[in-house]
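Inspection log for the structure reproduced underneath, given as structure tokens.
The values are calculated or read from the model by the stated rules, or taken from the named source; none is laboratory data. Not measured: the values here are computed from a predicted model. Every residue, glycine as well, gets a Cβ built from its backbone with ideal geometry; the counts of neighbours run over all protein chains shown.
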Ligand SMILES: O=C(O)C(=O)C[C@H](O)[C@@H](O)CO
């Protein structure tokens, strides 16, 4: 059996790819999202109530669709990264990366020795399709996509070096953490934050890597697409449900 291709990695060809945050932490809800036309979705292990088994269920639920899954970890723990890779995650997003040293450690966590220190799960893992994928250990890295989040002042200061780290495929700006870290709490539109976002985008492209961002407000998403962001999360499933529910109630009962 061939190593499964990574559709997200393959889609980073220059056109902006539009995605949605998946926060319900169930295969059922995430599968619904995968049928709606988004290019990719983010299974959020940082702020949604996910763990390895719930992420596995969601990866299985979306496997038959063209919408590519991206899995965000809660931290930099190599043991968690190992488990997420073993269940078949091919695109990983790691939050709060501030230095090139951290980026290099994260790359090493995704590579088998001698390039890194990932442990061998072999035929026990979905990643190898329980041993059916030929040459998994020597080829797995070719279909992995490692995205690091820059979302602090120090991350922006080190953006060139982080993006240039070998094995890093993309940098994703976290606008809400970045605005909060810089004292503009919850205001990514502040000019200082906007300048930092632009700087991170330019540094990432200068390193030949792809850049992504979260932009649930349409005007922001369109501006970032004009700037040249390669992948943009333009929605959050929980917010979409809440807004649709509130609008429906308001039509019958008025604003409450
Ligand atoms: O800082 C950000 O912005 C992000 O990293 C995304 C948030 O964590 C997201 O969960 C907001 O809903």
Looking at the structure I just gave you, is residue 33 within 14 Å of the chain's Cα centre (by Cα) and either over 26 Å from residue 122 (Cβ atoms) or without any contact (Cβ under 8 Å) to a residue 12 or more places away in the chain (or both)?
no
Neighbours by Cβ (under 6 Å, 6+ apart or cross-chain): first from the range 37-48, more than 15 Å from residue 24 (Cβ to Cβ); second away from the ligand (no atom under 11 Å from the Cβ) and not in a strand (DSSP E or B)
40/8
Of the residues in the range 49-61, those that are assigned to a loop (DSSP other than H, G, I, E, B) and either under 15 Å from residue 236 (Cβ atoms) or in contact (Cβ under 8 Å) with a residue 24 or more places away in the chain (or both) number 2
Only one of (1) more than 15 Å from residue 102 (Cα to Cα); (2) buried (at least 22 other Cβ atoms within 10 Å of the Cβ); (3) within 11 Å of the ligand (Cβ to nearest atom) is not met by residue 150, so which one is it?
(1)
Specify which of the listed residues (64, 88, 37) is in contact with a strand residue (DSSP E or B) (Cβ under 9 Å, 6 or more places away or on another chain), more than 16 Å from the ligand (Cβ to nearest atom) and not in a helix (DSSP H, G or I).
37
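State the number of residues belonging to the range 91-108 that are outside any loop (DSSP other than H, G, I, E, B) and either at pLDDT below 95 or under 15 Å from residue 45 (Cβ atoms) (or both).
Of the residues in that region, 5 qualify.
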If you scan the range 77-94, which residues turn out to be out of contact with any helix residue (DSSP H, G or I) (no Cβ under 6 Å at 6 or more places or on another chain) and touching a residue at least 24 places away in the same chain (Cβ under 8 Å)?
80, 82, 84, 85, 86, 89, 92, 93
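Yes/no per residue for (1) assigned to a helix (DSSP H, G or I); (2) away from the ligand (no atom under 16 Å from the Cβ); (3) closer than 21 Å to residue 92 by Cα; (4) touching a strand residue (DSSP E or B) at 6+ places or on another chain (Cβ under 7 Å):
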position	(1), (2), (3), (4)
186	no, no, no, no
205	yes, yes, yes, yes
208	no, yes, yes, no
224	yes, no, no, yes
May I ask you to list pairs of residues, at least six apart or on different chains, whose Cβ atoms are under 6 Å apart, with the first in the range 160-181 being near the ligand (Cβ under 8 Å from one of its atoms) and the second being modelled with pLDDT under 95?
none
